[in-house]
1. Is at least one residue of the range 247-260 more than 26 Å from the chain's Cα centre (by Cα) and exposed (fewer than 10 other Cβ atoms within 10 Å of the Cβ)?
2. Name the residues in the range 166-190 that are open to solvent by less than 50 Å² (accessible area, probe 1.4 Å), outside any loop (DSSP other than H, G, I, E, B) and farther than 11 Å from I60 by Cβ, would you?
3. Among the residues of the range 224-273, which ones are of a type in the set (G, A, S), under 29 Å from Y7 (Cα atoms) and not in a helix (DSSP H, G or I)?
4. Pick from the range 14-42 the residues that are over 27 Å from R64 (Cα atoms) and open to solvent by 80 Å² or more (accessible area, probe 1.4 Å): which of them is modelled with the highest pLDDT?
5. For the condition assigned to a loop (DSSP other than H, G, I, E, B) and open to solvent by less than 50 Å² (accessible area, probe 1.4 Å), what is the one hit in L51, L73?
6. Which residue out of Y10, Y112 is among the aromatic types (F, W, Y), farther than 24 Å from A233 by Cβ and open to solvent by 50 Å² or more (accessible area, probe 1.4 Å)?
7. Does at least one position in the range 152-160 carry a residue that is assigned to a loop (DSSP other than H, G, I, E, B), charged (D, E, K, R) and open to solvent by less than 80 Å² (accessible area, probe 1.4 Å)?
8. Just to be sure I understand the filter: pairs with C-beta atoms under 7 Å, separated by 6 or more residues or on different chains, first member in the range 196-207 and part of a helix (DSSP H, G or I), second member modelled with pLDDT under 80 and of a type outside the set (A, V, I, L, M, F, W, C). Which pairs pass?
Amino acid sequence: FAAPVYYKQYLGSTPDVSAFPDLLKECGISSKDYTIVADKGFASEDDFNELVKLHLQYVIPIKRGSRIVSEYLPLERHHYTDVFTYNERAIQAFKIEKDGFNLFIYYDSQLYANELADSVDRANKKNEARDKKLLAEEKRRNKGKGRLSDEELEKLQPIDLKEILAETPEMGTVTLRTNRLDLNSHQIYRTYKQRQSIEQFFKTYGESLDLEASYMREQISQEAWLFLNHLSATIAMECLADIARLGEDKNISFEDLRQTLGKIMASKVNDQW
């Protein structure tokens, strides 16, 4: 299971990409044996260059609309060369080889359906709002009291839902960039999905344990607070792993467990209370 293994205080102005090599060196981890799984905040070209300079391996998603993949879009179904299943969902993959790294474009039909439904829903709501403004303006103009110019009126024309598809060729896709040239599309995808455990840790750390703000004024107090947080977060993630091993992860959250344990006022050990 995923768990925090090391922590260290840094100034708030320290870039994450600079903290990585320092942490790896201090805790004795060889960068060649581990892969950084980060979010889109690391997807700038400067960050990628810095990671390579530090000899760090990575799997990082890039933002939609990136010029590096736009020339390959839109992709048709026959363009995808690999297909595999992940969590009972079919995933198609297309590989782009670049100098020193690979790009994998993944298509998830369920993600596509969800994003399309969301886009259409938002477009319909905008159209409803525009219709109300148009109707109100027509009533005002019939009374000779129009407020909007012809240009403003033109902007209130309904959104063509077909334009949504044309403007978002990456709908239903995720593009990952990696310098792990030894891994195939399936392995890279599974590696990236480990980030879900990282997100779960941050959610547990911030929302369930409420450890995001310290309000400490001295460095020694801050360090003691961080140490106790580290222990608490480690125990919390072990609890989540135990819940998952019992097959109850869809029914029991860490918050459920914490509330239940909070009601226990005494424990019996070796027949002694």
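1. No.
2. Within the range 166-190, T173, V174, S185, Y189 meet the criteria.
3. Once the filter is applied, which keeps residues that are of a type in the set (G, A, S), under 29 Å from Y7 (Cα atoms) and not in a helix (DSSP H, G or I), the range 224-273 yields only S253.
4. Going through the qualifying residues, I end up with E26.
5. L73
6. Y112
7. Here is the first cut: in the range 152-160, the ones assigned to a loop (DSSP other than H, G, I, E, B) are 155-160.
Narrowing further to those that are charged (D, E, K, R): 155, 160.
Restricting the remaining residues to those that are open to solvent by less than 80 Å² (accessible area, probe 1.4 Å) gives 160.
Among the residues of the range 152-160, at least one is assigned to a loop (DSSP other than H, G, I, E, B), charged (D, E, K, R) and open to solvent by less than 80 Å² (accessible area, probe 1.4 Å), which makes the answer yes.
8. Pairs found: G206/E212.
The values are calculated or read from the model by the stated rules, or taken from the named source; none is laboratory data. Being a predicted model, the structure only gives us computed values, none of them experimental. Positions of Cβ are generated from backbone atoms using ideal geometry, with glycine treated the same way; all protein chains shown enter the neighbour counts. Side chains are part of the model used for accessible areas, which takes the heavy atoms of the whole protein and leaves out ligands, DNA and RNA. Shrake-Rupley method; radii C 1.70, N 1.55, O 1.52, S 1.80 Å.
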